[in-house]
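Note sheet for the following structure.
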Amino acid sequence: MKNFYLYVLFIFFIFSCQDSNPDLERKKTIQISVDSSSLKIQQNYIKKYVKVNQFDSVYSYSSQLESLSQAKKNPYYFAESQFYKGIYHYVNINNDTAYYYFNRARKSFLEFSDSAGIVKTMRGMALIQTQVGDFIGARKTANAILDFIPTDAYKKRADIYSILGYTATIQKDYEDAIRWYQESISDSIQSEDRYGIMNNLVYNYTKLGEKNPENYQKARAVLNQMEEELYKLVREKQYTSYLDNRAYLDFKENPRNANSDMFYQALRIRKNTKDIRGLLGSYSSLTEFYEHRDNSKAIQYADSLLSVATQLKDHRNRLEALQYLIQYDQSSKVKEYAIAYKNLRDSLDNVRDHHIAEFATIRFEINEKRKENAQLQKEILTHDAALKWNQNIIILLLLFGLLSIFLLLNYVRSIRIQNKKKLIVEIQNAEQKLARKVHDELANSLYQTISFIDGNQIIQNQENKEKLIDKIDKIYKLSKDISRESQAINTDENYANEIFSLVSYYKNESTNIIFVGFEEDAWKEYSSDVKLHFYKILQELLTNMRKHSQASLVSLRFNFQEYSMIFNYSDNGIGIHDKQPQNANGMINIQKRLEIIKGKGQIIPSEKGFKYELEIGK
């Protein structure tokens, strides 16, 4: 019965190995640079023949894969070829040879730290150790495997838990076996795995029931749970184990009233389906059932158990059968059985000692490889840290360089701004000085000249005298305009008054100037430079108006917004004509001032009069 579980476990193990993918997880520590397409094709053939149980073809293609991988110096596919050769020999019950190939594959996978490869090869080695009776070694191997399986790889961990549960069962450590099987069933996903584990739980609870009858109830509870899905048990080939376990539980719980019907039902199904390994469980159960009921039948089934176990090279069941035969067979074969038992026990002890030494070597190799990987990881981390340090230095230098460039550009810009402000101040001072000079000297001199001419009879012709006075008067007014254009501007709280004063100078009986949207407080948010240049621009527009437009009405519209001010100038004069191009000095001066304060302006086309729009920021 227990051997059937081991067989099923190995079949699951074979198919779970089909998940390995060399293109996804192999190349963490090595690079396989050769073309592996032909090797991959060869491996796919092997997997196909494993699935259909054509193991002779598996061995043939594995040998070809071995030669091809050696020729191409591809360590991964060489390890795969050894692994599949191990499967071939395991299925053909050549345990020593199977163990040799699994171990050889393990060493190859270990060379480039392929965890998936290490897991599947050591799993095969653990199964062989259980077959040859080295259960302590099998448990050590299985525990070592867990170190290589990620915690989220539930299916693979469930398989190893099942091996640990099986070995604990054989060593009669039933409580530990139950613990491992419960771990396994919690991680198991496929129903086939789950039913096999549930059968194992039933058996172990039944064995514990001999000490504490409450465990019989636990065993029956698991059986009842399985019975609810009985149709799946038939489909998943767990039905015979279910029958065997139920009969065994009835027998152990109530030995006197138990019957053998279910034992024989399971035996018939296993014979009909040629389930040779399953026969081991049936013969073992029937031998124990008839042990104190019918000695001849107990000997008959013990002899059948010995025959099948010998055929399958199952040493543990051979020892169990020989023990029964030595104890109950009264024929002359007893001596033969005793010698066979002693020889087999000595052989198993030698195998176990060999495996203990082999496991010590395996553990040493794994530890050494881990040390190498740890050292390599340390070197990688050190290299990465140095590389990161260098990168940080480079980044800091770049940041320092960028900061230096930014500070330099900012310094140059501030110098330019300071120079510009200084130049503006100097220009303003020069303009003011010129204005005072024009006002104090030129204007006064012109006024005195006009008064002198007007009060004297130097020019006899009255018409010529008036013309001369008009021309000198124009020069006088022009000097006053120049004086006003160059005078100092107050850009603080009284800026609005400066604007009003400017406009009032150009306003007279023939020209009316109106404000729209003007806000005195709004100017407080604008810089002195902006206010100064806007004043000059407005002055330029009004001067042009007086000189050229002949306008009777001028509109000054202000639109103060969150971040800027839009100003619209319009008059009803004659507008711009061909003799006064748009790029005249006045407009050029306006454009230059707008550029200084980062504003923008344009002449608005109009059929009548002159229109101009500008926008300046705060």
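The values are calculated or read from the model by the stated rules, or taken from the named source; none is laboratory data. Note that the structure is predicted; figures quoted are calculated from it, not measured. We place every Cβ from the backbone using ideal geometry, glycine too, and count neighbours over all the protein chains shown. Note: areas computed on protein heavy atoms with side chains; ligands, DNA, RNA excluded. Shrake-Rupley method; radii C 1.70, N 1.55, O 1.52, S 1.80 Å.
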Just one listed residue, out of Val50, Val8, is part of a helix (DSSP H, G or I) and either modelled with pLDDT of 90 or more or aromatic (Phe, Trp, Tyr) (or both), and it is Val50
Inside segment 547-575, the number of residues satisfying the requirement of being over 19 Å from Ser606 (Cβ atoms) and open to solvent by 50 Å² or more (accessible area, probe 1.4 Å) is 3
The residue from Ile299, Ile356, Ile339, Ile366 that alone is modelled with pLDDT under 90, of a type outside the set (Lys, Arg), assigned to a helix (DSSP H, G or I) and surrounded by 17 or more Cβ atoms within 10 Å (Cβ to Cβ) is Ile366
Here the residues within segment 228-278 that are at pLDDT below 85, over 20 Å from Lys207 (Cβ atoms) and open to solvent by less than 80 Å² (accessible area, probe 1.4 Å) are Glu229, Leu230, Lys232, Leu233, Glu236
### Query
Has segment 589-606 got any residue that is modelled with pLDDT under 95, more than 54 Å from the chain's Cα centre (by Cα) and assigned to a loop (DSSP other than H, G, I, E, B)?
yes
Looking only at segment 86-103, decide whether some residue is open to solvent by less than 20 Å² (accessible area, probe 1.4 Å), in a helix (DSSP H, G or I) and either touching a strand residue (DSSP E or B) at 6+ places or on another chain (Cβ under 8 Å) or farther than 21 Å from Lys313 by Cβ (or both).
no
I'd like to check something: does segment 157-177 contain any residue that is open to solvent by 50 Å² or more (accessible area, probe 1.4 Å), at positive phi and at pLDDT 85 or above? yes
So is Ser81 crowded, with 21+ Cβ neighbours inside 10 Å, closer than 21 Å to Val119 by Cα and either out of contact with any Lys or Arg (no Cβ under 8 Å at 6 or more places or on another chain) or at pLDDT below 90 (or both) or not?
-> yes
Tell me, please, whether a residue that is touching a helix residue (DSSP H, G or I) at 6+ places or on another chain (Cβ under 8 Å) and more than 23 Å from Ile326 (Cβ to Cβ) can be found in segment 283-297.
no
Across (1) more than 30 Å from Asn419 (Cα to Cα); (2) out of contact with any helix residue (DSSP H, G or I) (no Cβ under 7 Å at 6 or more places or on another chain); (3) buried (at least 16 other Cβ atoms within 10 Å of the Cβ), Tyr612 clears everything bar (2)
**Prompt:** Would it be correct to say that Asn44 is out of contact with any Pro (no Cβ under 9 Å at 6 or more places or on another chain), loosely packed, with under 14 Cβ neighbours inside 10 Å, polar (S, T, N, Q) and at pLDDT 90 or above?
**Reply:** yes
| message | Going residue by residue through segment 316-327, is there one that turns out to be in contact with a Gly (Cβ under 9 Å, 6 or more places away or on another chain) and charged (D, E, K, R)? | response | yes
Per the list (1) in a helix (DSSP H, G or I); (2) in contact (Cβ under 8 Å) with a residue 24 or more places away in the chain; (3) surrounded by fewer than 21 Cβ atoms within 10 Å (Cβ to Cβ); (4) not aliphatic (A, V, I, L, M), residue check on Gly117 breaks on (3)
Report task. Would you check if there is a residue in segment 188-203 being β-branched (Val, Ile, Thr) and at pLDDT below 90? Result -> yes
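Quick one: which of Ile149, Ile197 is within 35 Å of the chain's Cα centre (by Cα) and open to solvent by less than 20 Å² (accessible area, probe 1.4 Å)?
Only one candidate qualifies: Ile149.
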